[in-house]
Amino acid sequence: MAGITIDSVVKRFGSGQGEIVAVDDVDIDIGDGEFVVLVGPSGSGKSTLLRMVSGLEQQSEGDIWIQDELVNGKSPRERNIAMVFQNYALYPNMTVRENMSFGLKMSTDLSGDEIEERVERVAETMGIERLLDNSPSQMSGGQRQRVALGRAIVRDPDAFLMDEPLSNLDAKLRTTMRTEINRLQSELDVTTLYVTHDQTEAMTMGDRLVVLDGGELQQAGTPLECFYKPANRFVAGFIGSPSMNFFEAERDGSTLRSDGFDYELSEELATSVDRYDRVTIGVRPEDVEVTEEPERDNQFRCTVDVVEPMGSIRYLYLKPVEQSHDETFVVEIDGQRPVKEGDELYVDIPERTVHLFDTETGAAVHHRTLTAEAEAELTDRMADAGVASE
Ligand code: ADP
Ligand code: MG
């Protein structure tokens with residue numbers, strides 16, 4: 001049984017010159033009980049897509065199915081889904097108990113006692129049983145968000161749709177609620193589509209990510225797959241923090257010539273990119289190696305522009321000495337390593353950590369090497385999440 005199917009869905013706003021394609025021919029299959037996180041920058045079409053699944057917005061083209069039922073044209077009420085938003089949307093003049101039972105009173109024929117029992121059971125699960133007779137104005141943001149979640153759960157929907165539900169909470173509470181939503185979702189086993197612009201939230205929640213940019217689907221895969229095997233430069237830069245570093249280069253035989261340095265490829269890797277003249281090198285900050293003295297071939301000299309101490313690690317913003325512009329790239333080093341602004345360091349990018357992209361289209365043409373264990377784990381997870389491997 002399918003959870004939610006989004007089939008060739010397009011959403012346009014306005015017309016003529018002012019037309020915006022907010023969602024551009026997107027296909028997503030969400031399995032029954034699966035937790036899918038829709039992630040992308042602001043304006044990428046996440047909320048619009050979620051609103052179309054909920055019925056608050058009608059798609060311009062394509063079909064949407066919820067639990068094997070075609071819901072095109074159906075109102076939100078006719079779709080058995082529950083929404084949770086960023087701003088809680090609780091009724092301020094009702095108690096928690098009334099907020100949680102209101103939807104059930106309106107849309108089901110459960111008796112008063114049955115409703116009462118359900119509300120109390122869910123309140124217990126959410127740890128808000130002692131707040132049932134309070135009004136939302138007496139509660140903290142975290143408590144209100146718990147009530148909003150409880151109100152969604154109590155309806156026993158076919159699917160949860162959540163749009164940035166944690167973005168009004170402070171950082172610490174956000175982390176707690178992240179874990180809690182993960183736990184709840186796996187306990188309840190309800191199909192969930194969760195929207196966030198925050199890549200950390202996306203990485204730590206959900207069985208599978210769907211990455212959107214400019215209304216277009218960039219990649220659908222497990223969090224680790226999107227991290228280690230990004231489909232393109234956009235995903236590579238969006239997932240992971242700090243972002244992957246990119247160096248655009250011209251290919252000259254087996255040498256990639258970027259503005260700041262030349263990068264020599266092994267024969268094997270050179271062969272895999274010999275169809276491309278312009279190649280972008282990608283490397284994550286934690287994979288770059290730096291030494292105080294020159295030690296190997298393929299190193300290039302950099303000056304330290306900024307040192308950012310984070311505690312156990314430091315981020316260095318480096319600029320290749322030979323580079324003609326002022327852009328820096330970031331590397332991660334041990335927090336105790338004594339490096340100062342203005343120092344000169346020797347940098348190399350181990351080939352096993354390198355990602356290569358076709359500069360013209362942004363498509364990934366080579367992914368970093370993984371250990372056999374990591375590769376096996378990734379394949380297992382892809383199978384669990386129902387993702388076909390390449
Ligand atoms: P996200 O949730 O990823 O930030 P949205 O789905 O809200 O993005 O918006 C996607 C695009 O559609 C944006 O360019 C936004 O301005 C546009 N958009 C969203 N809703 C409307 C609307 N009701 N009318 C016109 N344009 C809209
Ligand atoms: Mg949004």
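Does Thr191 qualify as being within 16 Å of ligand 2 (Cβ to nearest atom), farther than 17 Å from Glu124 by Cα, buried (at least 20 other Cβ atoms within 10 Å of the Cβ) and among the polar types (S, T, N, Q)?
No; evaluated as a whole, the condition is false for this residue.
Can you work out which of the residues in the stretch 153-188 that are within 16 Å of ligand 1 (Cβ to nearest atom) and surrounded by 16 or more Cβ atoms within 10 Å (Cβ to Cβ) is farthest from Ser140 (Cα to Cα)?
Leu161
Answer yes or no as to whether Gly55 is at pLDDT 95 or above, of a type outside the set (A, V, I, L, M, F, W, C), in the same structural domain as Asp163 (by TED's automatic domain parsing) and closer than 30 Å to Pro136 by Cβ.
Judged against the criteria, Gly55 is a match.
Only residues that are outside any strand (DSSP E or B) and of a type in the set (D, E, K, R): list them for the stretch 309-339, please.
Answer for the stretch 309-339, where residues must be outside any strand (DSSP E or B) and of a type in the set (D, E, K, R): Glu322, Asp326, Glu327, Arg337.
Please give the number of the condition Asp156 fails out of (1) modelled with pLDDT of 90 or more; (2) within 30 Å of the chain's Cα centre (by Cα); (3) of a type outside the set (Lys, Arg).
(1) is the only condition that Asp156 fails.
Quick test of your reading of the structure: Gly206 fulfils all but one of (1) within 14 Å of ligand 1 (Cβ to nearest atom); (2) buried (at least 21 other Cβ atoms within 10 Å of the Cβ); (3) under 17 Å from Asp163 (Cβ atoms). Name the failing condition by number.
(1)
Please specify each residue of the stretch 25-46 satisfying the condition of being within 16 Å of ligand 2 (Cβ to nearest atom) and not hydrophobic (A, V, I, L, M, F, W, C).
Gly40, Pro41, Ser42, Gly43, Ser44, Gly45, Lys46, listed by residue number.
So which helices (runs of 4 or more DSSP H) are wholly in the stretch 210-274 and hold at least 1 residues that are over 18 Å from Ser44 (Cα atoms) and not hydroxyl-bearing (Ser, Thr, Tyr)?
223-228, 267-272
Got a number for residues in the stretch 117-161 being in a helix (DSSP H, G or I) and touching a strand residue (DSSP E or B) at 6+ places or on another chain (Cβ under 9 Å)?
7
So which residues in the stretch 23-43 are near ligand 1 (Cβ under 8 Å from one of its atoms) and surrounded by fewer than 23 Cβ atoms within 10 Å (Cβ to Cβ)?
Selection gives Pro41, Ser42, Gly43.
From the set of residues in the stretch 120-153 that are more than 21 Å from Leu188 (Cβ to Cβ) and of a type in the set (Ser, Thr, Tyr), which is modelled with the highest pLDDT?
Ser135
Name the residues in the stretch 340-388 that are part of a loop (DSSP other than H, G, I, E, B), loosely packed, with under 15 Cβ neighbours inside 10 Å and modelled with pLDDT under 95, would you?
Thr371, Gly386, Ala388
Only one of Asn99, Asn80, Asn87 is within 30 Å of Val10 (Cβ to Cβ), more than 25 Å from the chain's Cα centre (by Cα) and among the polar types (S, T, N, Q); which?
Asn80
When only residues in the stretch 102-145 that are β-branched (Val, Ile, Thr) and within 31 Å of the chain's Cα centre (by Cα) count, which is nearest to Pro76 (Cα to Cα)?
Val122
The values are calculated or read from the model by the stated rules, or taken from the named source; none is laboratory data. What you are looking at is a predicted structure, and each value in this text was computed from that prediction instead of being measured. Because the Cβ atoms are built from the backbone with ideal geometry, glycine has one as well, and the counts that use them run over all protein chains shown.
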